[in-house]
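Working notes, beginning with the structure itself.
Quick note: the coordinates plus some simple rules give every number you see, no bench work behind them. All values reported here derive from a predicted model rather than from experimental measurement. Glycine gets a Cβ as well: all are built from the backbone with ideal geometry, and neighbour counts include every protein chain shown.
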Amino acid sequence: MGDMEKALISCRGLCKDYRMGVEVVHALRGVNLDIEKGEYVAVMGPSGSGKSTLMNLIGTLDVPTSGDLFVNGINLTRQDPDTLADFRNRVIGFVFQQFNLLPRTSALENVKLPLFYSRHTEVDDIGQRAMHCLERVGLADRMDHEPTQLSGGQQQRVAIARALVNNPSVILADEPTGALDTHTSLELLDLFQELNDSGITIIVVTHEKEVAEVTRRNLVFRDGEIVDDVTLGGHGVTQS
C-alpha cells in the first residue's frame, strides 16, 4: 500500500469497458499509474486511446469496470454517488476546451457557481473567493463582463477561475487550448505554470506538442494502455 498512501493519484489495474451494440470496447486495459502531489502531467495519444476515459475516471464523472483508483488516499471505486459528488466538488477543478460558461451571466457569477453546490463554503465567503480567483487569473477588471463580451482567452481564464474557486488539489484540463490561437495559448500555459508552482497538481489532455513540452511529465496512451511515460526537464518534481 506504500505507494498509494504517498501518491496523490494511484491507479491499479484500472479497466474501463464500454458496450457499443454487441461489441465491447476496452477503453482502458489494466492501467497502473502513480501521480504525485504537485506534478504537471500531459496525457497524450490518438483519439480513442483512453486518455479522456482516464480523465473522466479521475474526475469521478465515470466509474471503472474493474481495478482500483485512489485519489487523496480515498478508493473512489468503493464510494456511493453522493460521496463522489462531494469529493468532485472539493478536490477536482475541471477546465474544458469549450469553456462551458453560462451565457448572459457575468464572469463573477460564473465563477461563483461551484460554491453553491458545495457544503463546505460559508455564504459570506462566496463573493470574496470568486473575486480572488478572477484576480489570480488576471481578470480583476472584467468581473462584470458576460462571456460574449470576452475574448476566447479571457473566457478560458474565467473557466480556470471557476475551477480554482473550491481550492482543488487537482485541475483536470481537457484540451484547454484547443479553441485558442497560439499567442493566447502560450499566455494560458504561463498561467497553468503559475498555478502548478503554487502547488496544484495539473493533468492536461492534449494533442498539441507545445502544450506537452511545458509540462513536467508526458504520459502517452495507445489502445487503452500507457505506452510511454517520460519525465521532462525544467522545474522537475523533487522526490521526497
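Distance between the 7 Å Cα→Cβ label points at S151 and D125: 3.4 nm. A full extension of the chain between E135 and S66 corresponds to an added length of 20.7 nm, given 0.36 nm per residue minus the alpha carbon distance. Its Cα gyration tensor gives the stretch 37-192 an equivalent ellipsoid; the semi-axes, largest first and in whole Å, are 26, 21, 12. Within the stretch 47-127, the chymotrypsin sites (Phe, Trp or Tyr not before Pro) that combine a DSSP coil assignment with at most 15 other C-beta atoms in a 10 angstrom radius are Y117. Taking label positions 7 Å along the Cα-Cβ direction at both D34 and S47, the computed distance is 3.6 nm, reported to one decimal. Taken about its Cα centre, the stretch 160-240 carries a charge dipole of about 260 debye when Lys and Arg each add +1 at the Cβ and Asp and Glu each add -1 at the Cβ.
Rounded to the nearest Hz, the phi-derived 3J(HN,Hα) couplings of the stretch 63-74 under the Karplus curve 6.51 cos²θ - 1.76 cosθ + 1.60 (θ = phi - 60°) are 10, x, 6, 7, x, 10, 9, 9, 10, 6, x, 9, where x marks glycine and proline.
Summarising the amide proton neighbourhood of R217: residues at separation of 5 or more, or on other chains, whose placed amide H is nearer than 5 Å comprise Y40, A42, L232. Taking only the C-alpha atoms of the stretch 79-165, the Rg (one decimal) and the largest Cα-Cα distance, Dmax (whole number), read 12.9, 41 Å.
The protection proxy used here, the mean number of other Cβ atoms lying within 10 Å of each residue, ranks peptides 196-202, 43-49, 225-231, 161-167 as follows, highest first: 161-167, 43-49, 196-202, 225-231. Let me know the shape class of the stretch 1-57, please: from the alpha-carbon gyration tensor, a ≥ b ≥ c as square roots of the eigenvalues, rounded when a/c is under 1.5, otherwise prolate if a/b is greater than b/c, or oblate. Oblate shape, in that a/c is at least 1.5 and b/c is the bigger or equal ratio.
Within the stretch 166-229, the percentage of alpha carbon pairs spaced more than 16 angstrom apart rounds to 48%. What is the antiparallel percent of DSSP beta bridges lying wholly in the stretch 147-240, to the nearest 5? Percentage antiparallel, nearest 5: 55. Relative to the longest principal axis of the Cα atoms of the chain, the long axis of helix 152-164 lies at roughly 70 degrees.
Each listed q (0.26, 0.29, 0.30 Å⁻¹) maps to a log10 I(q)/I(0) for the stretch 43-82, found by the Debye formula over equal Cα scatterers with no solvent: -0.92, -1.06, -1.10. Taking a ≥ b ≥ c as the square roots of the Cα gyration tensor eigenvalues, with a/c under 1.5 meaning rounded and otherwise prolate when a/b beats b/c, else oblate, which class fits the stretch 95-146? It comes out oblate by the Cα gyration axes. Each helix, a run of at least 4 DSSP H residues, gives -39500 (n - 2.57); summed and divided by the residues of the chain, these come to -10000 deg cm²/dmol at 222 nm. If you average 1/r across every pair of different Cα atoms in the stretch 124-240 and take the reciprocal, what Kirkwood value do you get, in Å? With all distinct Cα pairs of the stretch 124-240 included, I get 15.6 Å.
Take every DSSP beta bridge whose two residues both sit in the chain; close to 55 percent of them are antiparallel. Principal-axis analysis of the Cα atoms of the chain puts helix 81-91 at an angle of about 60° to the longest axis. Put a plus charge on the Cβ of each Lys and Arg, a minus charge on the Cβ of each Asp and Glu, and nothing anywhere else: the dipole of the chain about its Cα centre is then about 340 debye.
Only aspartates and glutamates eight or more places from K112 in sequence, or on another chain, were considered; those with a Cα closer than 18 Å are D86, E122, D124, D125, E135, D141, D144, E146.
Between the stretch 17-35 and the stretch 100-179, the C-alpha centres lie 33 angstrom from each other.
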